[in-house]
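Visitor: Can you read through this structure? Questions will come right after.
The values are calculated or read from the model by the stated rules, or taken from the named source; none is laboratory data. This structure is a prediction, so every number in the text was calculated from the model and none was measured. So basically every Cβ, Gly included, is an ideal-geometry build from the backbone, and we count neighbours across all protein chains shown.
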Amino acid sequence: MSWDGLIKEYGENLPVSGQTPGLTLHEGNTPLIKLETLSKEWGIDLHVKVEGANPTGSFKDRGMVLAVAKAVEEGSSTVICASTGNTSASAAAYAARAGLKCIVVIPEGKIAQGKLAQAVMYGAEIVSIEGNFDQALEIVRDLSRTEAVTLVNSVNPYRLEGQKTAAFEVVDTLGSAPDILAIPVGNAGNISAYWKGFKEYDGKKQSGLPRMFGFEASGAAPLVHDRVIEQPETLATAIRIGNPASWSLAVDALKESNGHINEVTDEEIIEAYQLLAKTEGIFAEPASCASIAGIRKSIQSGVLPKGSKVVAVLTGNGLKDPQTAIEYSPVIPAKLPNDREAVKDYIKGTMGV
Ligand code: F0G
């Protein structure tokens, strides 16, 4: 079956018209994979939504295709965003595809290498500031009020509209909403978008509603502590955010869904990151694994009932951030001479025969 991207496939649920260009990189339709081993070990029915399978390797493509298509429709020639990396990669790709100029403002030294490579390759203008994401976002919001540029951060309502399609896909695949949707929280757009999507589908199809479980990184957990974090810190740089733009929408989603918000430490994130790759063959970036770390923690504390059907959102591809992978799982190959027998003997030794 062919898949023509979100504007075509979910157009009737999106604010598009005949005037909206049919922009696409064939985003969406990402795999929902059951984690067989972890489900058994943890006594739940656990599935992951692999958003790293999107064209630029993160969920941002869902919102960006719509934000950029609407920018074109409205006659804009330039898009701008602040980013911890994935938004900038996605904005740059869709702008390139649509023939728009793209400007990205990023926190110096705090963006994973793959994401930076993407922005460069897609031809964005890159501005790196000696500040964090929250400060970068303030600057671009300010600029977009007076200049002829379209802001494509998730404060642009088309972003959340596009991102809500992930909830549609979860329901379309499972047949109904799961008991719990676990998701990493940074700027708090995605948790808000999923909740919107689940509510809309339930209104149309009586597909049910999940409880929303959001997880922030411990050094960057404004929702958990109910205060702005001036100097957020975490190795999960994608969610190194101290003052989320969609704060109140996320609080609504948590309240309305009888949800749960908690923090996970960098150590817990790394453990989940390695566990997911080694036991299930799925490589997601560290921020994404806050959802897995959070599930594990919630089962241990009893907040997450055994037997629940849980969907964890894996927001970005592990290949985005090879440095963190290698730092925590050093590549130490066995170095051998180019001697056929010696190599064979060594390999046989590792096979335990
Ligand atoms: N996971 C990844 C991989 C992300 O890149 C982000 C956000 C999130 C989770 C959190 O999502 O902000 O909607 O709560 N990245 C943004 C960026 C901030 O600039 O790429 P959120």
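Visitor: Pairs under 7 Å by beta carbon, first residue free of Cβ contacts under 8 Å to residues at least 40 places away in the same chain in the range 320-342, partner in a helix (DSSP H, G or I), six or more apart or different chains?
Guide: ALA334/TYR346; LEU336/ALA342; LEU336/VAL343; LEU336/TYR346
Visitor: When you scan the range 254-286, how many residues do you find that are touching a residue at least 12 places away in the same chain (Cβ under 8 Å), outside any helix (DSSP H, G or I) and not polar (S, T, N, Q)?
Guide: Filtering the range 254-286 for residues touching a residue at least 12 places away in the same chain (Cβ under 8 Å) gives 254, 256-266, 268-277, 279-280, 282-286.
Still in the list and also outside any helix (DSSP H, G or I): 257-265, 282-285.
Those still in the list that are not polar (S, T, N, Q) too: 259-261, 263-264, 282-285.
Qualifying residue count for the region: 9.
Visitor: For THR324, which of the numbered conditions (1) closer than 27 Å to PRO178 by Cβ; (2) surrounded by 14 or more Cβ atoms within 10 Å (Cβ to Cβ); (3) not hydrophobic (A, V, I, L, M, F, W, C) fails to hold?
Guide: Every condition holds for THR324 apart from (1).
Visitor: Specify the residue that is farthest from the chain's Cα centre (by Cα); the eligible residues are those in the range 50-63 that are near the ligand (Cβ under 10 Å from one of its atoms) and part of a helix (DSSP H, G or I).
Guide: Here is the first cut: in the range 50-63, the residues near the ligand (Cβ under 10 Å from one of its atoms) are 51-52, 57-60, 63.
Subset that is part of a helix (DSSP H, G or I): 51-52, 60, 63.
On the way: GLU51: 7, GLY52: 8, LYS60: 7, GLY63: 11 Å.
So the residue we want is GLY63.
Visitor: Among the listed residues LYS199, LYS204, which satisfies the condition of being in a helix (DSSP H, G or I), among the basic types (Lys, Arg), more than 25 Å from GLY307 (Cα to Cα) and more than 13 Å from the ligand (Cβ to nearest atom)? Even if it seems obvious, please write down each step before you answer.
Guide: Working: LYS199 fails: more than 25 Å from GLY307 (Cα to Cα).
The unique qualifying residue is LYS204.
Visitor: Can I ask one more? Determine whether GLU271 is surrounded by 15 or more Cβ atoms within 10 Å (Cβ to Cβ) and of a type in the set (Asp, Glu). Steps first, answer last, please.
Guide: On the way: surrounded by 15 or more Cβ atoms within 10 Å (Cβ to Cβ): yes; of a type in the set (Asp, Glu): yes.
Against the criterion (surrounded by 15 or more Cβ atoms within 10 Å (Cβ to Cβ) and of a type in the set (Asp, Glu)), GLU271 qualifies.
Visitor: So which of THR24, THR37, THR30 is within 30 Å of GLY175 (Cα to Cα), surrounded by fewer than 24 Cβ atoms within 10 Å (Cβ to Cβ), touching a strand residue (DSSP E or B) at 6+ places or on another chain (Cβ under 9 Å) and at pLDDT 95 or above? Give the steps one after another, and end with the answer.
Guide: Values: THR24 fails: touching a strand residue (DSSP E or B) at 6+ places or on another chain (Cβ under 9 Å); THR37 fails: touching a strand residue (DSSP E or B) at 6+ places or on another chain (Cβ under 9 Å).
THR30 is the lone residue from the list that is within 30 Å of GLY175 (Cα to Cα), surrounded by fewer than 24 Cβ atoms within 10 Å (Cβ to Cβ), touching a strand residue (DSSP E or B) at 6+ places or on another chain (Cβ under 9 Å) and at pLDDT 95 or above.
Visitor: Separate question: Out of the range 76-100, which residues are closer than 18 Å to ILE129 by Cα and within 8 Å of the ligand (Cβ to nearest atom)?
Guide: Correct list: CYS81, ALA82, SER83, THR84, GLY85, ASN86, THR87, SER88, ALA89.
Visitor: Looking at (1) among the small types (Gly, Ala, Ser); (2) without any contact (Cβ under 8 Å) to a residue 24 or more places away in the chain; (3) away from the ligand (no atom under 15 Å from the Cβ), which one does SER298 not meet, given that it meets all the others?
Guide: In the conditions (1) among the small types (Gly, Ala, Ser); (2) without any contact (Cβ under 8 Å) to a residue 24 or more places away in the chain; (3) away from the ligand (no atom under 15 Å from the Cβ), SER298 misses (2) alone.
Visitor: I'd like the residue in the range 327-341 that is surrounded by 10 or more Cβ atoms within 10 Å (Cβ to Cβ) and either at pLDDT below 95 or over 30 Å from the mean Cα position of the chain (by Cα) (or both) and, out of all such residues, is nearest to LEU32 (Cα to Cα). Lay out the reasoning, then the answer.
Guide: Let us first name the residues in the range 327-341 that are surrounded by 10 or more Cβ atoms within 10 Å (Cβ to Cβ), namely 327-329, 336, 339.
Next, from what is left, pick out any that are either at pLDDT below 95 or over 30 Å from the mean Cα position of the chain (by Cα) (or both): 329, 336, 339.
Values: SER329: 26, LEU336: 41, ASP339: 44 Å.
Among those residues, the one meeting the criterion is SER329.
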